[in-house]
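Asks: Before anything else, here's the structure in question.
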Amino acid sequence: MNAELDAIAQKMVADGKGILAADESTSTIKKRFDAIGVESTEDNRRDYREMMFRSDEAMRDYISGVILFDETIRQKAKDGTPLVQLIQNAGSIPGIKVDAGAKPMAGFPGETITEGLDGLAGRLKEYYDLGARFAKWRGVIDIGAGIPTPGAVAANAHALARYAALCQEANIVPIVEPEVLMDGDHGIERCYEVTDYVLKVVFDELYAQRVRLEGIVLKPNMIVPGKKARTQASIEEVAEKTVRVLKSHVPSTVPGIAFLSGGQSDQDATAHLDAMVKLGNLPWKLTYSYGRALQAAPQKAWAGKAENVAAAQAAFTHRARMNSLAALGQWSAEQEAKKAA
Ligand code: 13P
């Protein structure tokens, strides 16, 4: 059982491949569709995701796994093929978001606790039967005046570790995602300091809850300044600080680290990953598990129109290929410019 789990984790971070986070909740996908003027109906959500899952080159060569939302893992393509099967046919692995979202935390104004542990063992079994071989849970840590507090970080780390233990028991690889948000005007040093603390607490909890590190994938934020910070950082500084904080806390038994994009522009997310891999001498694989940074371009190209499917697939494939090159440390601005040829 351990060997099976470890093999899935390794496949998720295979050379030149990364994860597509397509697990937007119904309210989040509505926001994305609003931005492109598309009504968020069940059929439109299906058509949009089917467009990506039928992007053959991207799915076969650059996307090791797809994180799905509950609705999507049960949905069928227009021709009746389960969407899960489209993903599997491309040689990619279906995964599932299992947290129930970050909710205001009692006694901790301005902070959240991610819910969803109750009944999780039963849900994991059902998702396994539906084809999921990995899962995702996101703990959210916001930076602001007086936050995060140790109490909220501890509660979120504990929930992440309990979730991870339940996943492994269900033979599902847990993506452990402690996300330090890049909202706000804090500088890069503050992001470093908070992420340093959060990762320390998370790995302590994973140990306490007996999670096998060989059978997880870590999904962290990069070390970046807040979006509204006066001073932005160079690509080299983000890469150097992110690798330094990860080396401080992530044991080399963890097979891979797949970053979230967190609101970075799609090119920044690619350039940062590439710069980290180019630093070399890393004990784990580094790759992407991007939502917005993989989907912004195809969403814009698609705009809800069937006649735009080919253009949207080309945009998705380009972004996936750029990130694949970045995960190999082979990306360059020249590659980027070859675009949309
Ligand atoms: P972003 O890459 O858009 O941050 O999404 C990744 C994700 O899965 C967040 O939970």
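The values are calculated or read from the model by the stated rules, or taken from the named source; none is laboratory data. Computed from a predicted model, the values in this text were never measured in an experiment. Cβ: placed from backbone, ideal geometry, glycine included. Neighbour counts: every protein chain shown. To get the accessible areas, we keep the full protein, side chains included, count just its heavy atoms, and leave off ligands, DNA and RNA. Shrake-Rupley method; radii C 1.70, N 1.55, O 1.52, S 1.80 Å.
Asks: So if I check each of Glu169, Glu193, Glu177, Glu237, which one is open to solvent by less than 10 Å² (accessible area, probe 1.4 Å) and among the acidic types (Asp, Glu)?
Replies: It is Glu177.
Asks: Ok, one more. Identify, please: which residue in the range 1-31 is away from the ligand (no atom under 16 Å from the Cβ) and of a type in the set (A, V, I, L, M, F, W, C) and is, among those, farthest from Ile257 (Cα to Cα)?
Replies: Once the filter is applied, the top-ranked residue is Met1.
Asks: Continuing with this model, one more query. Quick one: count up the residues across the range 6-26 that are touching an Asp or Glu at 6+ places or on another chain (Cβ under 8 Å) and not in a loop (DSSP other than H, G, I, E, B).
Replies: Count: 3.
Asks: Still on this structure, please answer the following. Which of the residues belonging to the range 36-66 are over 19 Å from the mean Cα position of the chain (by Cα), in a helix (DSSP H, G or I) and of a type in the set (A, V, I, L, M, F, W, C)?
Replies: Passing the criteria: only Met51.
Asks: What helices (runs of 4 or more DSSP H) lie completely within the range 216-320 and have 2 or more residues being closer than 26 Å to Glu50 by Cβ?
Replies: 266-279, 292-302
Asks: Sticking with this one: Looking only at residues in the range 60-86 that are among the hydrophobic types (A, V, I, L, M, F, W, C) and out of contact with any Leu (no Cβ under 8 Å at 6 or more places or on another chain), which one is surrounded by the most Cβ atoms within 10 Å (Cβ to Cβ)?
Replies: Leu86
Asks: Would it be correct to say that Pro255 is open to solvent by 10 Å² or more (accessible area, probe 1.4 Å), within 21 Å of the chain's Cα centre (by Cα) and away from the ligand (no atom under 15 Å from the Cβ)?
Replies: yes
Asks: Suppose we keep only residues that are open to solvent by 10 Å² or more (accessible area, probe 1.4 Å) and among the polar types (S, T, N, Q) within the range 267-304. Which one would you say is nearest to the ligand (Cβ to nearest atom)?
Replies: Out of the qualifying residues, it is Gln299.
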